[in-house]
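This report concerns only the one structure given below.
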Amino acid sequence: MNNLSIWQQLVEQSQMRWKEVLEATSVHIQLVFFSMLIAIILGVTLGILVTRVPQLTTLVLGGTGVMQTIPSLALLGFMIPIFGIGVKTAIAALFLYSLLPIARNTYAGIKDVDPATREAAKGMGMTSMQILFKVELPLAIPVIMAGIRTAAVINVGNATLAAFIGAGGLGDFIFLGITRGIDGLILLGAVPAALLAIILEVFFGSLERWTTPKGLKA
Amino acid sequence: MLKFENVSKVYEDGFKAVDSVSFDIPKGELLVLIGPSGSGKSTTMKMINRMEPHTSGKISINGKDNNSYVASELRRGIGYVIQQVGLFPHYTIEKNIAIVPQLNGWAPDKIKTRVHELLEMVGLDPEIYASRYPKELSGGQQQRVGIARALASDPEIILMDEPFSALDPLTREQLQGELISLQKKLNKTIIFVTHDMDEALKMGDRIAIMKDGKLLQLDTPEKLLHEPAHGFVEEFIGKHRIIQNPELMPVIDIMSESVVTTLPQSSPEKAISLIRQRKITDLIIVDESKTLLGIVSAYDVIQKVNSIRSIAEIMQPIGHILQDSASAKDAIIMMDESPFGLIPIVDESKKVIGLVTRGSLLAALSSQWTEAEVVAV
Ligand SMILES: Nc1ncnc2c1ncn2[C@@H]1O[C@H](COP(=O)(O)OP(=O)(O)OP(=O)(O)O)[C@@H](O)[C@H]1O
Ligand SMILES: [Mg+2]
């Protein structure tokens, strides 16, 4: 078996396991999707909160930053006692990883709004909520979207580790390939994961361009 | 209509930026706040719409305490223009101007009509500019939009914090002029902050001079120039201002009070001797109560000396005269058209109280100028 080229291995493996690959991809997408969904909702909220309550800045941005420095596998390990083994743990860990880029970019995007624009908005009698939704968030959208894109791409990669705690996904093939020493099997997980990352990058990139207010485009 | 009573502002850090300021502005007045950097002009202005709440005293608008409003509603009723303009970059010009009407829940049709009317009022063609974005406009055009935006819901009071300071001198001058004519038309009450004395003298119905949070003097430009209440005010205004602003200088300050006059029944011989003696070219004719009747030129008297019995026969009416309330600028303008090269100055009952000639005009203005030069050196 080892005398086959890596390409031949990959073809052989995918002929054998294409159904499993599809299934694993679908699980993988679900892991990414749900963890990102929660991360976006909470990350944007935290980011906004931090601009409103300056005392929280170090706590929140520092806290999520520390999270980022914990090795992915270790974080998964910490999660097991809380959520047990499986999908829930994987989603919780992936969510925590995605939180920082999104919260930080939301905060930065809002902070970057020209103070004159904010002063004019307030001076014209907009309430704090109106300023947030009509001025700050629309102007921060490009930066927030960039944060989400970064988080999503990292997330696809991290999600392959979910296999280690039995959550499934494309990591299963990589895990299996490593333990059995079959390179083709590793690629069977790695190639779709890479494709997924590229697709997400392109998707969020165009979403970023599409949501950037017209007056801000060069 | 806008009243400050012992208003002070102490910032959170304990700094007293405004110190017990009191004044009262009637409707339709453009009040300029001027003073050195950090004197509390912006703070004073911002306390009106509570962008910076005052910490003691009372500010009332049409008799109503400004603290009795919900802050956002108070602000919607007061126009606000700042130096950096602060247009929303993600809104078209049309949407930018529509912000306050929208907040006030106007119908879309009404908003559109109003926006177009305002764009025309500030000299921007709605066809071209309504759909543009702020970054596609020059600084001067942006501030025109800023002014239109502040006028949108027709507020009685408009606050302007150095609105033209960031513009090039030509654009600034143009916008100053336009704001003055807009103000005449709309009769808004405007609080206008500047650090530029020329701008203050040009724009202000009255000018308030501030220093270290205190209001030193609040008066008309004329009064400030001639009766500065404070050494600092005098210094701050600078002596050369008069020469640059002859419209602010009363004509009675530059006229000569020793006018050579005679009665209409005087003989031509007497007139000639007066003319020779006083070395004048024209003789002003008045009645016994000094009321202006007309003028005779030395040339005419000498020509006709043998054919007339009294100078009344060759007296000409004089059309170019000025009231004593006129300014030096009025005299400069009128002098150009005056056939005799002189302008009698009269009081309400047409009594002659003085005379401005080309020579006295030049002397008055140039003496001020040399004085200023000396001060500057
Ligand atoms: N938020 C603040 N906290 C503390 N001090 C402040 C604050 N804002 C202004 N000040 C101080 O209050 C004083 C008056 O400020 P203000 O902005 O009213 O001055 P100004 O007359 O408008 O000056 P400029 O011509 O520079 O705009 C200044 O000394 C300034 O440093
Ligand atoms: Mg200021």
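Brief remarks on what is shown
- Screening B:Pro250, B:Pro264 for residues that are more than 22 Å from B:Leu201 (Cβ to Cβ), touching an Asp or Glu at 6+ places or on another chain (Cβ under 9 Å) and open to solvent by less than 40 Å² (accessible area, probe 1.4 Å) leaves exactly one candidate, B:Pro264.
- All conditions in (1) of a type in the set (S, T, N, Q); (2) assigned to a helix (DSSP H, G or I); (3) under 21 Å from A:Ala116 (Cα atoms) hold for B:Thr113, with the sole exception of (3).
- Residue within region A:30-39 that is without any contact (Cβ under 8 Å) to a residue 60 or more places away in the chain, of a type outside the set (S, T, N, Q) and closer than 30 Å to B:Pro89 by Cα present: yes
- When B:Ile302, B:Ile311, B:Ile333 are screened for being crowded, with 16+ Cβ neighbours inside 10 Å and outside the structural domain of B:Lys223 (by TED's automatic domain parsing), only B:Ile311 passes.
- Every pair of residues 6+ apart whose Cβ atoms lie under 7 Å, when the first sits in region B:291-314 and is assigned to a loop (DSSP other than H, G, I, E, B) while the second is among the hydrophobic types (A, V, I, L, M, F, W, C): B:Val305/B:Ile272; B:Ile308/B:Ile314
- In region B:123-163, the residue that is surrounded by the most Cβ atoms within 10 Å (Cβ to Cβ) out of those that are acidic (Asp, Glu) and under 19 Å from B:Val193 (Cα atoms) is B:Asp161.
- Here is the figure for region A:105-129: residues that are open to solvent by 30 Å² or more (accessible area, probe 1.4 Å) and more than 33 Å from the chain's Cα centre (by Cα) total 2.
- Which numbered condition A:Leu94 fails, given (1) closer than 24 Å to A:Leu139 by Cα; (2) surrounded by 18 or more Cβ atoms within 10 Å (Cβ to Cβ): (1)
- Helices (runs of 4 or more DSSP H) (entirely within region A:77-149) containing at least 1 residues that are facing chain B (nearest Cβ under 10 Å): A:115-123, A:128-131
- Check on B:Ile93, open to solvent by less than 30 Å² (accessible area, probe 1.4 Å), out of contact with any Lys or Arg (no Cβ under 6 Å at 6 or more places or on another chain) and assigned by TED's automatic domain parsing to the domain that holds B:Tyr133: no
- If you go through region B:42-80 and keep only what is hydroxyl-bearing (Ser, Thr, Tyr) and in contact with a Ser or Thr (Cβ under 8 Å, 6 or more places away or on another chain), you end up with B:Thr55, B:Ser56, B:Ser72.
- Number of positions in region B:48-91 that are farther than 26 Å from B:Phe164 by Cβ and more than 7 Å from chain A (Cβ to nearest Cβ): 17
- Taken across region B:14-21, residues that are more than 14 Å from chain A (Cβ to nearest Cβ), open to solvent by 20 Å² or more (accessible area, probe 1.4 Å), over 17 Å from B:Met210 (Cα atoms) and within 12 Å of ligand 1 (Cβ to nearest atom) do occur, with at least one present.
- Test: A:Phe83 is modelled with pLDDT of 85 or more, surrounded by 14 or more Cβ atoms within 10 Å (Cβ to Cβ) and not aliphatic (A, V, I, L, M): no
- Scan of region B:1-18 for residues that are within 16 Å of ligand 2 (Cβ to nearest atom) and either of a type in the set (Asp, Glu) or part of a loop (DSSP other than H, G, I, E, B) (or both), ordered by number: B:Tyr11, B:Phe15
- Helices (runs of 4 or more DSSP H) wholly inside region B:135-211 containing at least 3 residues that are within 14 Å of ligand 1 (Cβ to nearest atom): B:197-203
- Among the residues of region B:102-122, those identified as surrounded by fewer than 16 Cβ atoms within 10 Å (Cβ to Cβ) and either among the β-branched types (Val, Ile, Thr) or more than 12 Å from chain A (Cβ to nearest Cβ) (or both) are B:Gly105, B:Ala107, B:Pro108, B:Asp109, B:Lys110, B:Thr113, B:Glu117, B:Glu120.
The values are calculated or read from the model by the stated rules, or taken from the named source; none is laboratory data. Source: prediction; values computed, not measured. Backbone-built Cβ (ideal geometry, glycine too); neighbour counts: all protein chains shown. Heavy atoms of the whole protein, side chains included, go into the accessibility calculation; ligands, DNA and RNA do not. Shrake-Rupley method; radii C 1.70, N 1.55, O 1.52, S 1.80 Å.
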